[in-house]
1. Could you go through the stretch 271-278 and let me know if any residue there is more than 30 Å from ILE20 (Cα to Cα), assigned to a helix (DSSP H, G or I), in contact (Cβ under 8 Å) with a residue 60 or more places away in the chain and in the same structural domain as GLU385 (by TED's automatic domain parsing).
2. Could you please give the count of residues in the stretch 398-428 that are within 14 Å of ASP274 (Cα to Cα) and of a type in the set (Val, Ile, Thr)?
3. Hey, does the stretch 46-60 have a residue that's surrounded by 12 or more Cβ atoms within 10 Å (Cβ to Cβ) and in contact with a Leu (Cβ under 7 Å, 6 or more places away or on another chain)?
4. Between ARG221, ARG235, which is over 17 Å from the mean Cα position of the chain (by Cα), at pLDDT 95 or above, under 20 Å from ALA452 (Cα atoms) and surrounded by fewer than 24 Cβ atoms within 10 Å (Cβ to Cβ)?
5. Assuming GLY110 fulfils every condition listed in (1) surrounded by 15 or more Cβ atoms within 10 Å (Cβ to Cβ); (2) within 29 Å of GLN166 (Cβ to Cβ) apart from one, which condition is it?
6. Determine whether ARG140 is under 27 Å from the mean Cα position of the chain (by Cα), farther than 21 Å from ALA26 by Cα, in a loop (DSSP other than H, G, I, E, B) and of a type in the set (Lys, Arg).
7. If we scan the stretch 231-248, do we find a residue that is in a strand (DSSP E or B), outside the structural domain of TYR60 (by TED's automatic domain parsing) and in contact (Cβ under 8 Å) with a residue 60 or more places away in the chain?
8. Hey, among VAL255, VAL279, VAL240, which residue is surrounded by 24 or more Cβ atoms within 10 Å (Cβ to Cβ) and under 24 Å from the mean Cα position of the chain (by Cα)?
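The values are calculated or read from the model by the stated rules, or taken from the named source; none is laboratory data. Not measured: the values here are computed from a predicted model. Cβ coordinates were reconstructed from backbone atoms using ideal geometry, including for glycine residues, and neighbour counts include every protein chain displayed.
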Amino acid sequence: MIPGAPLPVPATAAPPATAIAAEEFARRRRQLMQMAGADAVLLLAAAPERMRNADAAWPYRQDSDFQYLAGFPEPDAVLALLPGRRHGEVVLFCRERDPLHERWHGESIGSERAVSVYGMDDAFPIEDIDDILPGMIEGRARVYCHFGHEPEFDARLLGWMRRLRQLRGGGVVPKEFVALGHLLHDLRLYKSRAELRLMRASAAIAVEAHLAALRLAVPGRHEYEVEAELLRVMRGRGAVPAFAPTVAAGANACVMHYQKNRAPLRAGELLLIDAGAEVDCYASDISRTFPVGGRYSREQRALYEVVLAAQQAAIDEVRPGRPFSAPHAAAVRVLAEGLCALGLLKGDAEAAIAQESYKRFFPAKTGHWLGLDVHDVGDYRVGGESRLLEPDMVLTVEPGLYVAPDDRSVAERWRGIGIRIEDDVAVTRDGHEVLTAGMPKEAEAIEALLAAR
């Protein structure tokens, strides 16, 4: 096939994503209010519009917590959860519909549809929040919020507190501010069936994008051309990139968060791609490393096989009851054994692990939570111990080896090789599900795909 020609849709292509039902959002809100208690109020602001430069805004993306609780896609909104309120516990302040604004920016949802479509108990214009919300807060003992995230919202919240204190006779002002994330982020850690469907759809689109990029990435191309192919496929499938893709050729792959994506692709070098799609705000995250010229060199193949074995050992540890740290420990052991066997580390694996000398080549962790955020919320440690994995948690598994181009402690033939292999893995009742299994990673399979370009 001509390099860069459109690919046929693979069997793993994502079906249309199923949106999360309004009842699921309502269930999440009820669960959160029950955890907070009847004497609390929970306040959450939508993400503001952010300017790129002058009057040009960045593409809007809703705050993940706000999305989780409301599914409401607009800025200039505040969600108030008021457990036990007689006239409705779920109140949204949002933009009202305005013909002049809509002529320039498109149709708004408005307060009526916030109730009829998005399931709010009540909704008011955002312009009226200063007059209405303080009265709703009065008498509550605690305010749950993300204090410190958005200075503008923090200032408004403090203003409402001052207004309550200034009421004739003195309003009953909440005495305690509590971090909302303490309750909310634990809920987000466990994915529902609908969320897992979206994450499978996101993963399938990311697989398709990586396959397309692999087919295009031939000597003479540039990193930015590969990035463009990734984005073409994602946008063509109705998704957006979950993060700025890393497309790192040669020694650029040794930079952990490489972002320039400007260098040419050369025969004999590897190309590391770290990219994921986002569907309805749910992310995927895949990394693959392959030879631009079509075949791994002896040294590249040797390191690649070590990383692949480490990843498989780590994935095997993803099952209920195992600590989150177990996949990392398994990967580190395999990496240390491989580095010692190849002579990049002196001594044995036990010493390399005890002395942490392996960190010269693998300074990262082996994974992170995945969901509405690429590095999703949720504690990694509970009570001072590594958190135990449970069904419906989703994490990445991404060991790697990175031999710096100026590392004179190793032979020149090893220098400048960077390899990472990453998949998205859901914990199931009896083990795990690799959501990104459609993207090949065995060296022979990758070389066969490259030979068919």
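1. Scanning the stretch 271-278, I find no residue that is more than 30 Å from ILE20 (Cα to Cα), assigned to a helix (DSSP H, G or I), in contact (Cβ under 8 Å) with a residue 60 or more places away in the chain and in the same structural domain as GLU385 (by TED's automatic domain parsing), so the answer is no.
2. Our first condition is that a residue be within 14 Å of ASP274 (Cα to Cα); within the stretch 398-428, this holds for 398-400, 418-424.
Subset that is of a type in the set (Val, Ile, Thr): 419, 421.
The qualifying residues number 2.
3. no
4. Working: ARG235 fails: under 20 Å from ALA452 (Cα atoms).
The match here is ARG221.
5. (2)
6. Working: under 27 Å from the mean Cα position of the chain (by Cα): no; farther than 21 Å from ALA26 by Cα: yes; in a loop (DSSP other than H, G, I, E, B): yes; of a type in the set (Lys, Arg): yes.
Considered against the rule, which asks whether it is under 27 Å from the mean Cα position of the chain (by Cα), farther than 21 Å from ALA26 by Cα, in a loop (DSSP other than H, G, I, E, B) and of a type in the set (Lys, Arg), ARG140 comes out as no.
7. There is at least one residue in the stretch 231-248 that is in a strand (DSSP E or B), outside the structural domain of TYR60 (by TED's automatic domain parsing) and in contact (Cβ under 8 Å) with a residue 60 or more places away in the chain.
8. Details: VAL255 fails: surrounded by 24 or more Cβ atoms within 10 Å (Cβ to Cβ); VAL240 fails: surrounded by 24 or more Cβ atoms within 10 Å (Cβ to Cβ).
On inspection, the qualifying residue turns out to be VAL279.
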